[in-house]
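Comments concern the structure below.
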Amino acid sequence: TQLLEQSPQFLSIQEGENLTVYCNSSSVFSSLQWYRQEPGEGPVLLVTVVTGGEVKKLKRLTFQFGDARKDSSLHITAAQPGDTGLYLCAGARFGNEKLTFGTGTRLTIIP
Amino acid sequence: DAGVIQSPRHEVTEMGQEVTLRCKPISGHDYLFWYRQTMMRGLELLIYFNNNVPIDDSGMPEDRFSAKMPNASFSTLKIQPSEPRDSAVYFCASSRGRPDPEAFFGQGTRLTVV
């Protein structure tokens with residue numbers, strides 16, 4: 001059973017376009033993280049959101065944690081080829097250090 | 001700090017052989033995680049340790065898999081005997097734990113069992 005479902009699974013868009021990636025669950029998480037993974041490397045943390053409804057911005061990336069703490073979204077404005085990679089959300093349950101990773105979204109930005 | 005260090009980076013072995021993957025976590029991190037990544041199943045948690053003690057091994061596929069953490073700076077994941085379906089990229093990660101739950105990953109070991 002996959003606790004965190006991401007959509008879309010694959011996304012290929014032109015440079016300069018905007019996009020949104022979704023991370024959904026029926027479970028409540030105390031915090032949710034977004035990672036980006038490049039080929040041959042391990043995932044690298046982009047952001048952690050901890051409060052329901054929280055919005056965080058990292059340059060052209062905007063992250064939102066759902067009010068009910070069950071879902072999250074990542075919005076990229078004016079995508080660039082450097083944004084290409086595998087985006088993973090990961091949730092932590094209350095009182096537990098275990099991180100459950102989502103199914104992943106493989107993003108390709110075409111120059 | 002050099003980050004989480006895993007060895008080897010690549011391992012090719014024959015079915016039935018024993019495989020040992022190694023990990024050196026970041027100094028000062030109390031948590032160590034072993035993950036397996038495949039195209040079909042994504043990134044799965046196998047086991048994690050807190051202060052060298054295994055806390056949750058519910059993700060370990062079967063008895064052929066075992067993990068140890070003899071001290072704060074070293075952990076191993078062993079597969080004996082290995083099978084072709086064990087082929088995957090195995091990641092080790094470490095973290096300080098709450099309130100800073102960020103997981104720092106190594107570069108992974110790509111295991112191929114033929």
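Every number in this text was worked out from the coordinates using simple rules, so none of it is lab data. No experiment lies behind these values; they were computed from the predicted model shown. Glycine also receives a Cβ, built like all others from the backbone with ideal geometry; neighbour counts cover every protein chain displayed.
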(request) Among A:Gly42, A:Leu11, A:Ala92, pick out the residue whose Cα is farthest towards the positive end of the charge dipole of chain A, where Lys and Arg carry +1 and Asp and Glu carry -1 on C-beta, about the Cα centre. (result) A:Ala92
(request) May I ask you to evaluate 6.51 cos²θ - 1.76 cosθ + 1.60, the Karplus curve with θ = phi - 60°, for each residue of the stretch B:76-86 and list the ³J(HN,Hα) values in order in whole Hz, giving x for glycine and proline? (result) 10, 10, 10, 10, 8, x, 7, 9, x, 6, 7
(request) Over 24 Å between C-alpha atoms is what I'm after, so list which of A:Lys98/B:Lys68; A:Lys70/B:Lys78; A:Lys57/B:Lys24; A:Lys98/B:Lys78; A:Lys70/A:Lys98; A:Lys59/A:Lys98 land there. (result) A:Lys70/B:Lys78; A:Lys57/B:Lys24; A:Lys59/A:Lys98
(message) Quick check for me: using +1 on Lys/Arg Cβ and -1 on Asp/Glu Cβ, what's the dipole size of chain B about its Cα centre, in debye to the nearest 20?
(response) 200 debye
(request) Please state the charge dipole magnitude for the protein assembly as shown, taken about the Cα centre, from unit charges on C-beta atoms (+1 on K and R, -1 on D and E), reported in debye and rounded to the nearest 20. (result) 280 debye
(request) Please report how far the C-alpha centroid of the stretch A:59-111 lies from that of the stretch B:10-51, rounded to the nearest whole angstrom. (result) 23 Å
(request) Treat every Asp and Glu Cβ in chain A as -1 and every Lys and Arg Cβ as +1, leave all other atoms uncharged, and give the resulting dipole magnitude about the Cα centre to the nearest 20 debye. (result) 240 debye
(request) Have a look at B:Leu21, B:Gly106, B:Tyr35 and report the one farthest towards the positive end of the charge dipole of the protein assembly as shown, computed about the Cα centre with Cβ charges (Lys/Arg +1, Asp/Glu -1). (result) B:Gly106
(message) If exposed means no more than 12 neighbouring beta carbons inside 10 Å and the site is in a DSSP loop, what's the longest run of chain B without any exposed trypsin sites (Lys or Arg not before Pro)?
(response) B:42-114
(request) Using DSSP to define loop residues, name the trypsin sites (Lys or Arg not before Pro) in the stretch A:9-88 whose beta-carbon has at most 14 other beta-carbon atoms within 10 Å. (result) A:Lys59, A:Arg60
(request) Would you be so kind as to identify which of A:Ser72, A:Ile109, A:Gly53 lies farthest towards the positive end of the dipole of chain A, taking Lys and Arg as +1 and Asp and Glu as -1 on Cβ and the Cα centre as origin? (result) A:Gly53
